[in-house]
1. Expressed as a whole percentage, what fraction of the accessible surface of region 73-197 belongs to carbon and sulfur atoms when a 1.4 Å probe is rolled over the protein heavy atoms?
2. Test of understanding: what is the full-extension gain from residue 59 to residue 197, defined as 0.36 nm times their sequence separation minus their Cα-Cα distance?
3. Give, as a single signed number, the net charge of other residues whose beta carbon lies under 14 Å from the beta carbon of residue 95, with Lys and Arg counted +1 and Asp and Glu -1.
4. With the cut-off at 1.5 for a/c, could you classify region 57-114 from its C-alpha gyration tensor as rounded, prolate or oblate?
5. Taking a threshold of 22 Å on the Cα-Cα distance, which of the pairs 56/174; 8/65; 8/174; 118/169; 59/170; 28/170 fall above it?
6. By Kyte-Doolittle mean hydropathy of at least 0.5 and Cα axial length of at least 18 Å, which whole DSSP H helices of the chain are selected?
7. Classify region 13-163 as rounded, prolate or oblate from the Cα gyration tensor: take a ≥ b ≥ c as the square roots of its eigenvalues, call it rounded if a/c is under 1.5, otherwise prolate when a/b beats b/c and oblate if not.
8. How far apart, in nm, are the 7 Å Cα→Cβ label points at residue 137 and residue 170?
Amino acid sequence: MEHSNNIKSILLIIVGMSVFAFQDLFIKLISESTNIYLIYFVRCIIGLFSILIYLKYKKINIIFKTYYPLLTIARTIAFFVGFSLYYFSLSKLSLAVAITLFFVSPFFTTIFSMIIIKEIVGYKRWLAIIIGFIGVFLVMDPNFNNFNIYSLFPIMCGICYSFTIIVHKKTSDKDSVFSQIIHIYISALIFSFIIKLILMNLTFEPSTIIEYKSLLTEWKIENITTFILLISIGLTGVIGFFCLFSAYNNGSPSVIAPFEYVIIVWALIISWVVWSETLTFKGYIGLFLIVSAGIYTFFRETKLNKKISIDKPLR
């Protein structure tokens with residue numbers, strides 16, 4: 001029975017991460033002409049509406065209250081800032097690079113676990129973290145005379161995401177996963193709208209508007225294609241979340257979690273097919289180091305019974 005559940009969960013992980021890869025593709029396709037906070041706003045409306053319907057259907061109590069208000073505020077801000085940076089980076093980087101760099105998150109999850117919940121991190125996991133960061137350096141392949149600062153944004157998103165995972169771990173004894181997701185969606189709606197109100201009352205130089213078009217462009221849906229992609233972004237987010245949630249709820253995390261890296265495979269394929277872009281040779285070496293170190297870190301966490309980043313995925 002357990003084997004059967006693991007097979008189903010692996011399939012759900014593959015479907016979920018594949019869906020997330022196409023969500024990122026859709027965001028990248030419209031990020032040049034559509035404000036990323038409009039994208040964020042629509043995604044959260046669809047996500048919130050879907051989760052509320054699911055809870056009502058399952059007759060699960062809808063709880064908005066949190067027992068950890070300060071930590072919840074910190075978590076929702078970190079999540080919003082992190083994925084704002086990530087969505088913006090999609091307008092500046094190849095999909096393959098952005099998604100690969102995001103997978104720095106398992107290493108920062110280990111670091112935050114040491115700082116916030118006082119876990120002991122041994123030398124083997126520190127070695128895996130160092131190897132992972134070497135991989136990140138190779139993927140970035142920085143030219144310090146002409147450094148692309150936007151390559152830092154997926155890494156910063158990974159840091160913020162890791163922080164939210166650890167805070168989730170700390171608060172999950174009283175706040176359910178659904179209430180935490182609702183907090184994230186509602187706060188993102190509020191933050192997005194506040195940013196819209198602030199930016200619409202500011203004046204920017206034409207060069208600034210061009211450079212940050214995906215942040216400063218007016219909130220509008222230009223055509224039916226944009227509308228369809230916006231709806232698709234929201235729906236893929238919901239489908240991806242429920243696939244991952246179902247997978248981790250029914251399968252063994254130690255078996256299924258490494259299959260999350262299938263999203264990188266999709267990113268490489270999509271980047272090549274759509275934009276004829278791929279990683280450099282150094283980038284592929286870096287990718288190998290990141291994935292290897294990430295999987296080792298995960299199995300080490302599992303062996304030590306420190307299930308942090310795998311209990312309830314929030315992406």
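The values are calculated or read from the model by the stated rules, or taken from the named source; none is laboratory data. What you see is a predicted model, and the numbers here were worked out from it, not measured in a lab. Every residue, glycine as well, gets a Cβ built from its backbone with ideal geometry; the counts of neighbours run over all protein chains shown. Heavy atoms of the whole protein, side chains included, go into the accessibility calculation; ligands, DNA and RNA do not. Shrake-Rupley method; radii C 1.70, N 1.55, O 1.52, S 1.80 Å.
1. 73
2. Using 0.36 nm per residue and subtracting the Cα-Cα distance, I get 46.0 nm.
3. Values: positive: 28, 92; negative: 24, 32, 277.
For residues surrounding residue 95, the net value is -1.
4. Judged from the Cα gyration tensor, region 57-114 comes out prolate (a/c at least 1.5, a/b above b/c).
5. Values: 56/174 20 Å; 8/65 33 Å; 8/174 29 Å; 118/169 12 Å; 59/170 26 Å; 28/170 33 Å.
The pairs that break the limit, which is 22 Å between Cα atoms, are 8/65; 8/174; 59/170; 28/170.
6. 2-30, 36-57, 69-89, 123-140, 152-171, 177-199, 224-250, 262-275, 281-303
7. Values: a/c = 2.01, a/b = 1.20, b/c = 1.67.
Oblate, since a/c reaches 1.5 and b/c is not below a/b.
8. For the pair residue 137/residue 170, the computed spacing is 3.0 nm.
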